[in-house]
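Here the structure comes first, spelled out in C-alpha cells, and everything after it is commentary.
The values are calculated or read from the model by the stated rules, or taken from the named source; none is laboratory data. As the structure is a computational prediction, the values presented were derived from the model and not from experiment. Positions of Cβ are generated from backbone atoms using ideal geometry, with glycine treated the same way; all protein chains shown enter the neighbour counts. Ligands, DNA and RNA are stripped out before the accessible areas are found, and what is left, the full protein with its side chains, is counted by its heavy atoms. Shrake-Rupley method; radii C 1.70, N 1.55, O 1.52, S 1.80 Å.
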Amino acid sequence: MTQFRLTPLAKSLPATVPFVGPETQERAMGRPFAARLGANESVFGPSPAARKAIAETGHWMYGDAESLELREALAALNGTAKENILVGEGIDGLLGYLCRLFVAPGDAVVTSDGAYPTFNYHVAGFGGELHRVPFKEDREDPAALFAKAAEVDAKLVYLSNPDNPMGSWHEGADLAAAMEALPARTLLVLDEAYIELAPEGTALPLSFDDPRVIRMRTFSKAYGLAGARVGYALGHPELITAFHKVRNHFGMNRAAQAGALAALQDHDWLARVQAQVAEARERIGEIAWDNGLVALPSAANFVAVDCGGDGALAKALLDRLFDRGIFVRMPFVAPQNRCIRISCGTPEMLDLLASALPGALEEARRG
C-alpha cells in the first residue's frame, strides 16, 4: 500500500464531507431529482443583470485579488467602510480561513449541537476541540453558548441567525443584549446567510467595528448565486486585515465578482425573490397542514416540517420522497431530527411535493 506522508491530524480525520451533494445522489439513483428542494439554493435564480455580467466577463483574466468594487458596494449598502469587509469563496470558504487564523490543535470552540456542520468540519480540520450545547425550543441558545464559551475558554463561538436547519431566529436586539455575557477572549462567529429573508430587526444592531463579533453573509441565498460561491465577512478592520495572512488571494474568480456586484445593484429583483420566498414558505405550510404535519415558523428560504414522530420516521419519509424524485434534507441531531427541511421552490416544484407527500408519508408510517 502506498504510504503518503500526511500529518498526524490529517491521518486521524475521516474522509467525509458535511453534506452529500444532490448530484452524487442522482448518480447513485441513475436519474435526476424532479424537485430539488434540499440544498437551500434560490430556485428563483439570480438577477438577469447578474447573469448578463457573468456572461460578458473576460474570463481570461484572474479576478481582482482585493474585490475592490464589490467591497465598496457592500460598504455603501451596509453603511460602513470597505476596510470592514472581506470577500471570499462563500461563507464556507470564509469559515475555513477563520479557523485557520484562530484554531490550533486542542483549542476550544463552541457551537450548537446540530447546527451548520461545515463549521465543525473546518474546526476538526485544524485540530480544534468542539463543545456543543443543545438547541432550546428549536432555536439556538445564545445564553447557553456564551456560558459554555466561558467554561471552556473558547476562542470561537458559532451561532447562525436565522438558524439552519430549523429556520428559527432571534431579534437582533436580544442577541446584542445576550452578548454582554460573551467572554472577553471569545469571538462570536455570527452566520447571517439568510438575513435578507428575515423579518426586519433580525440583524445585529451593533457597529461593524465591534471586535467581539464577525458577521458572515452570502450571495448564495436571496441573490441566487450559490454556484458562483461569493460570501463576505463584516468585522473590525484589524480582524479583516488578518485574513490576508492566510486567504487565497486569487480565489475569487472575476465572473463571480461581476455577477455579485450586478446582483447587489438590482434591488427590484431582490424584492421579487423575497416575495417569492414568502409565498413558498406559506405554501409549504399549507402542504404540511393538509397532511397532518406542522410547519415551523421560518425566517429563511426553507421550512422545517415536524413529522410528528422521531428521527426514524423523518428519515423514512425523506427516503420515500427520494424514491419519488423529491430531494429534501433533515436535521442531524435529536430532537430537531423529527423534522424534514424543505427549501422554498417554484410553484411547479411544490406541486410535485404536494402530490408525492401523502403516499410517501403513508409508506413511512407503515415502515
(request) Return yes or no: is Ala295 in contact with a Phe, Trp or Tyr (Cβ under 9 Å, 6 or more places away or on another chain) and surrounded by 16 or more Cβ atoms within 10 Å (Cβ to Cβ)? (result) yes
(request) Kindly list the number of the only condition in (1) charged (D, E, K, R); (2) open to solvent by 60 Å² or more (accessible area, probe 1.4 Å); (3) within 23 Å of Tyr121 (Cβ to Cβ) that fails for Asp92. (result) (2)
(request) Collect the residues in the range 42-99 that are within 23 Å of the chain's Cα centre (by Cα) and either of a type in the set (D, E, K, R) or on the phi > 0 side of the Ramachandran plot (or both), keeping them in residue-number order. (result) Gly45, Arg51, Ser67, Arg71, Glu89, Gly90, Asp92
(request) Please list, ordered by first then second residue, the pairs with beta carbon atoms under 7 Å, 6 or more apart or interchain, first in the range 325-350 and closer than 16 Å to Ala288 by Cβ, second open to solvent by 40 Å² or more (accessible area, probe 1.4 Å) and assigned to a helix (DSSP H, G or I). (result) Ile326/Leu352; Met330/Lys315; Cys344/Arg281; Leu350/Arg283
(request) Please list, ordered by first then second residue, the pairs with beta carbon atoms under 7 Å, 6 or more apart or interchain, first in the range 243-257 and more than 15 Å from Leu68 (Cβ to Cβ), second open to solvent by 70 Å² or more (accessible area, probe 1.4 Å). (result) Val246/Arg100; Ala255/His59
(message) Residue under question is Leu313, and the condition is that it be assigned to a helix (DSSP H, G or I) and in contact with a Cys (Cβ under 8 Å, 6 or more places away or on another chain); does it hold?
(response) yes
(request) Name the single residue, out of those in the range 333-355 being open to solvent by 10 Å² or more (accessible area, probe 1.4 Å), outside any loop (DSSP other than H, G, I, E, B) and aliphatic (A, V, I, L, M), that is nearest to Gln276 (Cα to Cα). (result) Met349
